[in-house]
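Take a look at the structure set out below.
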Amino acid sequence: MNYTVENLEKNKAKITVKVDAVDWQNALQKAYEKNKSKYQIGGFRKGHVPYKVIVNAYGVGVFFDDALDIILPQEYGKVLDQEKELEPVDTPEVGINAISDTTLEFTLTVQCKPDFTLGKYTGLEIKRDKVEVTDEEVQSEINAKLEQAGAWLPVVDRPAQKGDQVIIDYSGSVDGVKFEGGTASNQTLTLGSGAFIPGFEEQVEGMNIGEDRDITVTFPEEYHEKKLAGKQAVFAIKLNEINVKEVPTLDDETVKDISEFDTVAEYKADVKSKIEEKKNAEADNKLENDLIQTIADGSQVEIPQCMIENQIDDMVQEFEQRLQYQGLNAKDYYKYTGMTQEKLRENYKEMAGKNVKLRLTLDALLKAIKVPVSDEEIDEKIADMAKQAGKTFEEYKGYINEQYREYLRRDLITSKLFEYLKNNNKIK
């Protein structure tokens, strides 16, 4: 392979590649192997037509597209292996200069990482959030734990009230006609949760077990089912069960049931310690973000539009994946909310630009500070992970491939970088 690299304006590079004839022939042969089963020519069984026969019948360029798909990434990778200073940030534009059954010459025009002028990164004054844990926060955490430990017990001697869990049958209709999704049997509902249409739960309050009642509600104007939005509906309700949650009181016996401790004092101390640990981690994370943001604000860079668009692509994809995890379809979300992917992309534009600059700032800091990480330090990290997993170092090391080891190296480098920044700036 022969190639040249020409630097263009605005951090673009033009790579011209003349492919070795043997490599091009190999790519054509691979393209033939991939596609030969599609061809049938008289005198040959389908899938067994020789290469030259297909070329003679359909023309010399019949396999060019697939061969290019094979050879272009291969040759581009070779160039990047040689030209370490080239740092592409987008997919290259391809141009074919010359192509035949024996010759291939092409150009790749690629956007590279922009020039970055790193601002001041030592001697800055940065605030770290003060960490305090109040008695109210400790009690709130304990109350949540007690609530989880509570049990629902049946109620038979009073009507349903706010906070109860009720089991109901219901059938809804609009203008006397039942609508899809408006009927259910033995539906569990916690009164006061706001899980149903506004006004529904309040009208169930006061019902007794076995009682039937018709209630009237109005669907919100912004209700996701457009056919029902703003409509008045009547629900025929039958109340089958009432349950009330019995929450245990906080004493030494309860503490033994819900934790590893024997006394209330020990349990409270542990809860406080964990809240404090969490708050310290949050404060450290915010401090690191503020450090990078402050350095980024003092740095100069002209970000290529493609980097911002690529970042927006990632953000939109992540958002739509979160919808899927919540059981929502992105297409339905856009339909019901009036949002479009184009509007979402526009909303993300400013944030995407900031994220790209922060990433470029971090890259520039790593180049400027050059944090060393030894193989021994990586092994120590693996040993800690092995201990947490209950395995020996040698056992756990067997799961670690070179790719993951490099990930651990980058993680350690980043941690050391932030330690350097904390030690070389004034943290208030």
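K391: of a type in the set (D, E, K, R), open to solvent by 60 Å² or more (accessible area, probe 1.4 Å) and assigned to a helix (DSSP H, G or I), yes or no?
Spelling it out, it is not the case that K391 is of a type in the set (D, E, K, R), open to solvent by 60 Å² or more (accessible area, probe 1.4 Å) and assigned to a helix (DSSP H, G or I).
Could you go through the range 99-111 and let me know if any residue there is farther than 30 Å from L8 by Cα, modelled with pLDDT under 95 and surrounded by 12 or more Cβ atoms within 10 Å (Cβ to Cβ). Yes: the range 99-111 contains one or more residues that are farther than 30 Å from L8 by Cα, modelled with pLDDT under 95 and surrounded by 12 or more Cβ atoms within 10 Å (Cβ to Cβ).
Test D164 against the stated conditions and say whether it is among the acidic types (D, E) and in contact (Cβ under 8 Å) with a residue 12 or more places away in the chain. So D164 passes the test. For Q326, the conditions (1) open to solvent by less than 60 Å² (accessible area, probe 1.4 Å); (2) closer than 25 Å to P220 by Cβ all hold with the exception of (1).
Would you be able to say whether some residue in the range 57-66 is free of Cβ contacts under 8 Å to residues at least 60 places away in the same chain, under 30 Å from K84 (Cβ atoms) and not aromatic (F, W, Y)? No, the range 57-66 has no match at all.
Could you tell me whether any residue of the range 360-367 is of a type in the set (A, V, I, L, M, F, W, C) and farther than 30 Å from K416 by Cβ? Within the range 360-367, not a single residue is of a type in the set (A, V, I, L, M, F, W, C) and farther than 30 Å from K416 by Cβ.
Within the range 39-70, being surrounded by fewer than 14 Cβ atoms within 10 Å (Cβ to Cβ) and hydroxyl-bearing (S, T, Y) holds for one residue alone: Y58.
Test I215 against the stated conditions and say whether it is closer than 16 Å to K238 by Cα and surrounded by 13 or more Cβ atoms within 10 Å (Cβ to Cβ). The answer is yes for I215.
Checked against the criterion of being basic (K, R) and touching a helix residue (DSSP H, G or I) at 6+ places or on another chain (Cβ under 7 Å), the candidates K226, K279, K268 yield just one match: K268. For V316, the stated conditions hold: it is part of a helix (DSSP H, G or I), among the hydrophobic types (A, V, I, L, M, F, W, C), touching a helix residue (DSSP H, G or I) at 6+ places or on another chain (Cβ under 7 Å) and surrounded by 13 or more Cβ atoms within 10 Å (Cβ to Cβ). Of all residues in the range 412-425, those being in a helix (DSSP H, G or I), in contact (Cβ under 8 Å) with a residue 12 or more places away in the chain and not β-branched (V, I, T) number 7. Evaluation of Q300 against the conditions (1) closer than 30 Å to Y336 by Cβ; (2) loosely packed, with under 13 Cβ neighbours inside 10 Å shows that the sole unmet condition is (1). Restricting T249, T216 to those that are of a type in the set (S, T, Y), within 30 Å of Q161 (Cβ to Cβ), in a loop (DSSP other than H, G, I, E, B) and touching a helix residue (DSSP H, G or I) at 6+ places or on another chain (Cβ under 9 Å) reduces the list to T249.
The residue that is surrounded by the fewest Cβ atoms within 10 Å (Cβ to Cβ), counting only those in the range 252-264 that are of a type outside the set (K, R) and in a helix (DSSP H, G or I), is D257.
Residues of the range 1-38 that are touching a Pro at 6+ places or on another chain (Cβ under 8 Å) and open to solvent by 70 Å² or more (accessible area, probe 1.4 Å): K10 alone.
Within the range 175-212, the residues that satisfy the criterion of being surrounded by 11 or more Cβ atoms within 10 Å (Cβ to Cβ) and either in contact (Cβ under 8 Å) with a residue 60 or more places away in the chain or small (G, A, S) (or both) are G182, A184, S185, G192, S193, A195, G199, G206.
If you filter the range 218-251 down to residues that are open to solvent by less than 50 Å² (accessible area, probe 1.4 Å) and of a type in the set (S, T, N, Q), you find that the one that is nearest to F179 (Cα to Cα) is N240. Among the residues in the range 146-164, are any open to solvent by 40 Å² or more (accessible area, probe 1.4 Å), out of contact with any Cys (no Cβ under 8 Å at 6 or more places or on another chain) and closer than 30 Å to N285 by Cβ? Yes: one or more hits.
Cβ-Cβ distances below 6 Å connect the following pairs, each with a first residue in the range 230-243 that is touching a residue at least 24 places away in the same chain (Cβ under 8 Å), a second residue that is open to solvent by 10 Å² or more (accessible area, probe 1.4 Å) and of a type in the set (D, E), and a separation of six or more residues or different chains: V234/D214; A236/D214; K238/D169; K238/D212; L239/E211.
The values are calculated or read from the model by the stated rules, or taken from the named source; none is laboratory data. These numbers come from a predicted model, not from an experiment. All Cβ positions, glycine included, derive from the backbone under ideal geometry; neighbour counts span all protein chains shown. These area figures cover heavy atoms from the full protein model, side chains too; ligands, DNA and RNA do not enter into them. Shrake-Rupley method; radii C 1.70, N 1.55, O 1.52, S 1.80 Å.
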